[in-house]
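As structure tokens, the structure follows; a few thoughts come after it.
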Amino acid sequence: MLPFLKAAGLTDREATEFSAGHVTIMNGVKGAFERIDKAMPIYMVSTSYVHYVEAVCRYLGLSMDAVSCTRLSFDGYHMGDQEKRTVMDHFRRFVDLSPISWDDAGSLDAPSARSIRVLKDFFFSVLPSMPVWRWVEPVLPIGGEGKAQAVTHIVTKGVISMEDVIYVGDSITDVAALQLVQAGGGLSVSFNGNRYAIMSAEYSVVARSASVLGTIAEAFLAGGKDRIRTGDYADGAQVFKKGSVDPAHVTALSERTRKEVRGQAIGELG
């Protein structure tokens, strides 16, 4: 996204102001946050750009010192007019591409295969040859292995055991961190997660309010994973443990709730 945002003229100030006006927080998050904060340190590990994360942290009262996110400055690179035209030409070409889809066997149709070829050519051949690449390449997105590395850094810096960690995630970018925490004996939780998060977490939570996370954290603090109650909660939340229920059922329920709570377009993201 960065070359296209830069070509559109986005500045740090605009990104910060837009983020501040478009923060979306799920029902019950602040209450759960306050309960957990009384019991244990809280850290945020997010793929989001720093401009949005700063706005969320102001709302929650979380210090940016406790945050790992994708840090960058849009003001740190000047894009010339010719490069802007080149990037926007590619943007218009991408808009006309067919959506990428595949069947249950993982096979692509011809339009989808063409879309992938065009995108791969730009991102792996064209973009690295452009001046803007010198600005884009050093940016470290905090996703996938980056999130797992952030968790390892938090544990090492805090001189705590992985067994004492609770990690909550919801998407494919959380898989590595969820697996890391589970392997280390900690509590890995998928919250309204998609199938990737559910497959990688020991517990799955389906809820329309985040308040249940405070209850889970307090139970874990009091007696470890043995104190976490599965089943239905008073606020309508449902908690499942891996291996105790049909994963297909949990996935269908979680992904449906994910779309209803977050919105269809966001809910379909990996």
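Points worth noting:
- Any hit, region 72-81, residues being farther than 24 Å from residue 217 by Cα, out of contact with any Phe, Trp or Tyr (no Cβ under 7 Å at 6 or more places or on another chain) and among the acidic types (Asp, Glu): yes
- Any helices (runs of 4 or more DSSP H) falling wholly within region 3-61 and containing at least 3 residues that are among the β-branched types (Val, Ile, Thr), in contact with a strand residue (DSSP E or B) (Cβ under 9 Å, 6 or more places away or on another chain) and open to solvent by less than 30 Å² (accessible area, probe 1.4 Å): 50-60
- Residues satisfying the stated conditions in region 184-229, i.e. open to solvent by 10 Å² or more (accessible area, probe 1.4 Å), small (Gly, Ala, Ser), assigned to a helix (DSSP H, G or I) and out of contact with any strand residue (DSSP E or B) (no Cβ under 9 Å at 6 or more places or on another chain): 211, 219, 222, 223
Residues are listed down the side, and each one gets a yes or a no for (1) within 27 Å of residue 120 (Cβ to Cβ); (2) without any contact (Cβ under 8 Å) to a residue 12 or more places away in the chain; (3) of a type outside the set (D, E, K, R):
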{"site": "31", "(1), (2), (3)": "no, no, yes"}
{"site": "39", "(1), (2), (3)": "no, no, yes"}
{"site": "48", "(1), (2), (3)": "yes, no, yes"}
{"site": "54", "(1), (2), (3)": "no, no, no"}
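- Close pairs from region 117-143: first at pLDDT 95 or above, partner small (Gly, Ala, Ser), Cβ under 8 Å, at least 6 apart: 131/80; 135/76
- Subset of region 62-82 that is among the hydroxyl-bearing types (Ser, Thr, Tyr) and under 22 Å from residue 178 (Cα atoms) - its residue that is least open to solvent (accessible area, probe 1.4 Å): 70
- Qualifying position, being open to solvent by less than 50 Å² (accessible area, probe 1.4 Å) and either over 27 Å from residue 206 (Cα atoms) or among the small types (Gly, Ala, Ser) (or both), among 181, 126: 126
- Applying a threshold of 7 Å to beta carbon distances and a minimum spacing of six or more residues, or different chains, the list of pairs starting in region 234-249 at a residue that is modelled with pLDDT under 95 and ending at one that is assigned to a loop (DSSP other than H, G, I, E, B) and open to solvent by 80 Å² or more (accessible area, probe 1.4 Å) reads 236/208.
- Within region 101-123, restricting attention to residues that are assigned to a helix (DSSP H, G or I) and of a type in the set (A, V, I, L, M, F, W, C), the residue that is surrounded by the fewest Cβ atoms within 10 Å (Cβ to Cβ) is 110.
- Among the residues of region 83-100, those that are open to solvent by less than 90 Å² (accessible area, probe 1.4 Å) and not in a helix (DSSP H, G or I) comprise 97, 98, 100.
- The residues on offer are 173, 257, and the sole one that is polar (S, T, N, Q), open to solvent by 30 Å² or more (accessible area, probe 1.4 Å) and in contact with a strand residue (DSSP E or B) (Cβ under 8 Å, 6 or more places away or on another chain) is 173.
The values are calculated or read from the model by the stated rules, or taken from the named source; none is laboratory data. Predicted model only: the values in this text are computed from it and were never measured. Note that each Cβ is placed from the backbone with ideal geometry, even for glycine, and that neighbours are counted across all protein chains shown. What goes into the accessible areas is simple: the full protein's heavy atoms, side chains included, and nothing from ligands, DNA or RNA. Shrake-Rupley method; radii C 1.70, N 1.55, O 1.52, S 1.80 Å.
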